[in-house]
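Chemist: Before we start, here is the structure in question, set down as structure tokens.
The values are calculated or read from the model by the stated rules, or taken from the named source; none is laboratory data. Note that the structure is predicted; figures quoted are calculated from it, not measured. Ideal geometry is used to build each Cβ from the backbone, glycine not excepted, and the neighbour counts take in all protein chains shown. These accessible areas exclude ligands, DNA and RNA; they are computed on the full protein's heavy atoms, side chains included. Shrake-Rupley method; radii C 1.70, N 1.55, O 1.52, S 1.80 Å.
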Amino acid sequence: MVSLLCCGPKMAACGLVLSAWGVVMLLLLGIFFNVHSAVLIEDVPFTEEDFKDGPERIYRLYEQVSYNCFIAAGLYALLGGFSLCQGRLNKRKEYMVR
């Protein structure tokens, strides 16, 4: 029988905690970028030409960074699901008779 178990219980727990924190942090960052928070202007990749046409280009850059944060939060959620499955497989392994 092929086992899908590839992480130990401590690594699975660490992955679950890190992914939960990553999802929360990136969702909040995505929301703040989506509402065009002025504090985060340093994290928006803009050039001098972007300021010449008004704020529309800067707003599009904010929204692009926001989408990137939401995509990264989704990837962290997938990693959390994988870590959760690994943790459950480790618990099941403890109760199996050899």
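Chemist: Among F33, F46, which is the only one that is free of Cβ contacts under 8 Å to residues at least 40 places away in the same chain, in contact with a helix residue (DSSP H, G or I) (Cβ under 9 Å, 6 or more places away or on another chain), surrounded by fewer than 16 Cβ atoms within 10 Å (Cβ to Cβ) and aromatic (F, W, Y)?
Modeler: The conditions single out F46.
Chemist: Out of the residues in the range 1-19 that are surrounded by 16 or more Cβ atoms within 10 Å (Cβ to Cβ) and either touching a helix residue (DSSP H, G or I) at 6+ places or on another chain (Cβ under 6 Å) or basic (K, R) (or both), which is modelled with the lowest pLDDT?
Modeler: Checking each candidate, the answer is C7.
Chemist: Restricting to the range 17-69, name every residue that is part of a helix (DSSP H, G or I) and of a type in the set (V, I, T).
Modeler: Hits for the range 17-69 are V17, V23, V24, I31, V39, I41, I58, V65.
Chemist: Could you tell me whether L75 is free of Cβ contacts under 8 Å to residues at least 24 places away in the same chain, surrounded by 13 or more Cβ atoms within 10 Å (Cβ to Cβ) and within 30 Å of K10 (Cα to Cα)?
Modeler: yes
Chemist: Starting from the range 1-29, take each residue that is under 23 Å from K93 (Cα atoms) and list its partners that are modelled with pLDDT of 90 or more and open to solvent by 50 Å² or more (accessible area, probe 1.4 Å), counting only C-beta distances under 7 angstrom and pairs at least six apart or across chains.
Modeler: Filtered contacts from the range 1-29: G15/L79; L16/L84.
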